[in-house]
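Below is one structure, written out as structure tokens; the observations come after it.
None of the figures in this text is laboratory data; all of them are computed from the coordinates on show. The structure displayed is predicted, hence computed values, not measured ones. Here Cβ is always computed from backbone atoms with ideal geometry, including for glycine, and neighbour counts include all displayed protein chains.
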Amino acid sequence: MKLRLNDGSLRLRLSQSEVNAVINGKVVKESLNFGVNGGYFNYLLLVSSEANEIYATIKSNEIRITVPESQVMDWAKTDMVGLYNQPNNSMTIAIEKDFQCLHQRVGEDETDNYPNPKAKVN
């Protein structure tokens, strides 16, 4: 799962196996170890049957993004690219499928990413 923070927006991009984990009720979590004094940063995506909209919370060293179960199931099983919300006119939150790049990038394994719909088919 990739996290991007940019100009008032938070975006998660998930691989195929991460989307499958989410629809099977698992929390998808990433950690970044800063290596200094044991510092780390976590970000995670979880599904809630009680949530009415996508929202994010932050506490200490962790960002939690919650998505309603009904939305994530529709998204995962269709060709929809993403789910989006801007709760309380705050930051925009995007949860998207991660597509393979059109040009191969050295050192990046994209075998679990979704096929890019813009890729040429032979």
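Loop sites only, by DSSP: take the trypsin sites (Lys or Arg not before Pro) in the chain that have at most 13 other C-beta atoms within 10 Å and name the longest stretch containing none of them. Don't skip to the end; give the middle numbers.
Numbers: sites that count: LYS26, LYS77, ARG105, LYS118, LYS120.
After excluding every exposed loop site, the longest remaining stretch is 27-76.
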| note | Going through LYS29/LYS77; LYS2/LYS26; LYS59/LYS118 one by one, the pairs whose alpha carbons sit over 27 Å apart turn out to be LYS59/LYS118
| task | Identify, among VAL22, ASN116, ALA51, the residue whose Cα sits farthest towards the positive end of the charge dipole of the chain, taking +1 on the Cβ of Lys and Arg and -1 on the Cβ of Asp and Glu, with the dipole about the Cα centre. | result | ASN116
| field | VAL36 versus LYS118: modelled label distance in nm, points set 7 Å from Cα along the beta carbon direction | value | 3.7 nm
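Can you pull the Rg over Rh of the chain, Cα-only, Kirkwood?
On the way: Rg = 15.3 Å, Rh = 15.5 Å.
Expressed as Rg/Rh, it is 0.98.
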| query | Of ASN37, ASN85, ASN52, which has the largest mean-square fluctuation in a 10 Å C-alpha GNM of the chain? | reply | ASN37
| query | How many nm separate the modelled label positions at TYR84 and THR57, each set 7 Å beyond the Cα in the direction of the Cβ? | reply | 2.6 nm
